[in-house]
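Read through the structure below, which is laid out as C-alpha cells, and then see the notes.
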Amino acid sequence: MNIHEYQAKEVLKGYGAPVAQGVAITSVDEAEAAARQLPGPLYVVKSQIHAGGRGKGKFKELGPDAKGGVRLAKSIDEVVANAKEMLGNTLVTKQTGEAGKQVNRLYIEDGADIDRELYLSLLVDRSVGKVAFVASTEGGMDIETVAEETPDKIVTVPIDPIAGVTAADAEKLCSALHLGGAAKVDGMQLFPILYKAFTEKDMSLLEINPLIVMTDGHLRVLDAKVSFDGNALFRHDDIKALRDESEEDAKEIEASKYDLAYVALDGDIGCMVNGAGLAMATMDIIKLYGKEPANFLDVGGGANREKVTAAFKIITADPNVKGILVNIFGGIMRCDVIAEGVVAAVKDVGLKVPLVVRLEGTNVDKGKAILDASGLNITPADDLDDAAKKIVAAVG
C-alpha cells in the first residue's frame with residue numbers, strides 16, 4: 001500500500017525525523033490559510049499523487065511551458081495562484097504513463113535553504129536477506145539513472161536484524177553521503193530512526209529523495225515515498241486509515257475484496273491464472289506471440305466458485321480487454337471449480353470477446369465437460385503454447 005508524501009512525513013515525524021512544517025489541502029479556498037500557518041517567506045506547493053517525478057511532470061491542461069507538479073512560491077499570493085493551476089488538473093510523469101493522475105491534494109510546505117541534495121532509501125535486499133540502506137550523494141536524480149551512469153556513487157549498507165543500526169553502520173552511511181559537522185551528528189541520529197520506522201511499520205520501501213543538507217549544516221527530509229507490506233496491514237490500523245482509494249485502480253480495489261492478486265496493465269488480453277509463476281509465464285508467452293497482457297491475475301490455489309466468478313467479472317470490466325485467456329493447472333485448485341466459475345460469470349455478465357481456456361491437472365476431464373456442456377462460445381486449448389496462439393489469433 002502506498003501513501004502520500006505528507007502522510008509519509010507525518011509517520012516519520014512521529015519517530016523524530018527532521019521534516020519541514022507543512023499543511024495538506026484539497027481545495028483552493030484552503031491555500032491562503034495553509035500558507036499563513038508557515039514561517040515563509042519561501043513556500044513549496046507540491047502535488048500529492050502516488051507517483052514519482054512530480055517536479056519534472058507536466059499538467060495536461062496547462063500546455064508544455066507550464067511549471068511542473070512541485071513549485072516554489074515566494075509569497076502567499078503565489079501559493080494561491082499555483083493552487084488554482086494545479087488542483088483538479090492531470091499531472092503526467094514518467095511513472096503515471098500518458099494517462100496521468102488527477103491532482104486532488106496539495107501539500108503546502110515551508111521552504112528550505114539547500115546546500116546539497118542526497119539520496120537515501122531503505123528496502124528489503126533479497127540478495128542478503130536483510131533490510132538495507134541505499135545511499136548516494138546524487139540526490140534529486142532518478143536512482144536508476146545514477147545506477148546506470150555512475151554506479152560507484154551508490155553505497156548499500158545491509159543491517160543485521162539482531163543488532164539493528166550500529167554506530168559502524170551509521171559511520172558507513174555518513175561516509176557514503178560525505179556528512180560532517182552538524183550534518184553527521186544529525187545523520188548518526190537519523191539512520192536508526194528511519195530503520196525503526198521501517199521495521200516497526202512493516203514498510204517495503206522508504207525513499208528519501210532528496211535528503212538535504214541545509215545551509216545551516218543540518219539535515220532535513222525534503223521528500224518521502226513510503227510503501228507498506230499489504231500482508232502486514234492487519235497489524236497497523238493507523239496505516240490502513242491513510243489509504244487513498246482514489247489513487248488506486250478500481251479493479252485492483254475490487255480484487256482485494258476477494259483476496260485476488262490483481263495488477264492492471266496496459267495490454268488487451270485479460271489473463272486469469274492460478275499461481276504467480278504460471279501467471280508470469282502466461283504473460284510472457286502472450287508477449288512472445290506479439291500481444292500485451294491486460295493484467296496480472298492470480299486466483300490462488302484455494303479459490304472457490306465465487307472467487308473465480310469475481311475474477312472473471314473484474315477482467316471483463318476492463319474496456320481495453322479484447323480477449324481473455326484462462327490458464328489453470330489444477331493442483332490444490334480443481335479444474336471443475338474453475339470451469340463452474342467461468343460459466344457462471346459468462347452467464348451473468350455475457351461474453352463479448354474471445355475466450356480461450358486451457359485446463360490441466362486435478363479434475364481436468366470434469367472441468368472440460370462443464371465447459372462443453374455450457375453451450376458457450378469457449379475455445380479449448382491443449383497446452384499453454386496452443387492457448388497463447390489461439391487467443392492472439394482471435395484478438396488479431
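The values are calculated or read from the model by the stated rules, or taken from the named source; none is laboratory data. Keep in mind it's a predicted model, so treat the numbers as computed, not measured. When we count neighbours, we look across all protein chains shown, and the Cβ atoms used for this are built from the backbone with ideal geometry, even at glycine.
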Taking helices (runs of 4 or more DSSP H) that do not extend beyond region 233-308, which have at least 3 residues that are surrounded by 15 or more Cβ atoms within 10 Å (Cβ to Cβ)?
250-257, 276-288
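May I ask you to say which residue of 75, 127, 121 is closer than 24 Å to residue 190 by Cα and polar (S, T, N, Q)? So that I can check it myself, show each step before the final result.
Numbers: 75 fails: closer than 24 Å to residue 190 by Cα; 127 fails: closer than 24 Å to residue 190 by Cα.
121 is the lone residue from the list that is closer than 24 Å to residue 190 by Cα and polar (S, T, N, Q).
Select, from 284, 259, 268, 318, the only residue that is of a type outside the set (Phe, Trp, Tyr), closer than 29 Å to residue 373 by Cβ and under 22 Å from the mean Cα position of the chain (by Cα). Even if it seems obvious, please write down each step before you answer.
On the way: 284 fails: closer than 29 Å to residue 373 by Cβ; 259 fails: closer than 29 Å to residue 373 by Cβ; 268 fails: closer than 29 Å to residue 373 by Cβ.
From the options 284, 259, 268, 318, the qualifying one is 318.
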Grab the helices (runs of 4 or more DSSP H) fully contained in region 1-94, keeping just those with 2 or more residues being closer than 30 Å to residue 204 by Cβ and of a type outside the set (D, E, K, R).
5-14
Can you find a residue in region 84-105 that is surrounded by 16 or more Cβ atoms within 10 Å (Cβ to Cβ), in contact (Cβ under 8 Å) with a residue 40 or more places away in the chain, of a type in the set (Ser, Thr, Tyr) and outside the structural domain of residue 181 (by TED's automatic domain parsing)?
yes
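Please pick out the residue among 346, 337, 353 that is within 17 Å of residue 271 (Cβ to Cβ) and either without any contact (Cβ under 8 Å) to a residue 12 or more places away in the chain or not in a loop (DSSP other than H, G, I, E, B) (or both). Spell out the reasoning first.
Values: 337 fails: within 17 Å of residue 271 (Cβ to Cβ); 353 fails: either without any contact (Cβ under 8 Å) to a residue 12 or more places away in the chain or not in a loop (DSSP other than H, G, I, E, B) (or both).
Only one candidate passes the filter, namely 346.
Considering 172, 184, which residue is of a type in the set (Lys, Arg), under 26 Å from residue 150 (Cα atoms), modelled with pLDDT of 95 or more and touching a helix residue (DSSP H, G or I) at 6+ places or on another chain (Cβ under 7 Å)? Even if it seems obvious, please write down each step before you answer.
Working: 172 fails: touching a helix residue (DSSP H, G or I) at 6+ places or on another chain (Cβ under 7 Å).
Being of a type in the set (Lys, Arg), under 26 Å from residue 150 (Cα atoms), modelled with pLDDT of 95 or more and touching a helix residue (DSSP H, G or I) at 6+ places or on another chain (Cβ under 7 Å) holds for just one of 172, 184, which is 184.
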Single match in 215, 309, 316, 282 (criterion: of a type in the set (Val, Ile, Thr) and out of contact with any strand residue (DSSP E or B) (no Cβ under 9 Å at 6 or more places or on another chain))
309
So residue 118, is it in contact with a Gly (Cβ under 6 Å, 6 or more places away or on another chain) and of a type in the set (A, V, I, L, M)
yes
Any hit, region 259-282, residues being without any contact (Cβ under 8 Å) to a residue 60 or more places away in the chain, of a type in the set (D, E, K, R) and under 16 Å from residue 325 (Cα atoms)
no
